[in-house]
Amino acid sequence: MKRSAFFIGAPLLLAGCLSDYPQFQNVDQSQLCVASTDQQAMECPEGELFLARLTQPNQNLRAYSALNTAALYCDTNYPIFENAAGIMCVMTHQRLEMLTGGEASQGMETQQQGQQQTPQQQPAPQSPQQAAPQQAPQGSSGANQ
């Protein structure tokens, strides 16, 4: 009797837990905005996947930039992923006034010479093999399969 109650009750409890996060289904998985400067990050669309590439060689500065980047640009209602290369999260514009009110280098590394001014819109990789090469911007044909 206890076993049958468990098998009936467990799925109902799990279904209730999963319904608490319907916002995860609303994120467009086909686009990824990549930025390595604050200026580029501010041009990324709100509510889409955002990848902040951290380029500081100094470990302490990289840790500082990772925390600032997540605090300024990431929607904390969604998961935030961080490793030595950068931060991936869902972009929010709710805290951009904190950045625009001060110096533009508060979040990520200051802009380097010759770097593009606009963020790179890329399709999200489908597998680890496709993650290494740069994807063509949306609208071009000949995507790798």
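Quick note: the coordinates plus some simple rules give every number you see, no bench work behind them. Since the structure is predicted, the reported quantities are computational estimates derived from the model, not experimental observations. Cβ coordinates were reconstructed from backbone atoms using ideal geometry, including for glycine residues, and neighbour counts include every protein chain displayed.
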>> Calculate the FRET efficiency for residue 29 and residue 64 from the Cβ-Cβ distance with a Förster distance of 35 Å, rounded to the nearest 0.05.
In response: 0.70
>> Using the basic label-point model (7 angstrom from Cα toward the beta carbon), what is the residue 77 to residue 95 distance in nanometres?
In response: 1.6
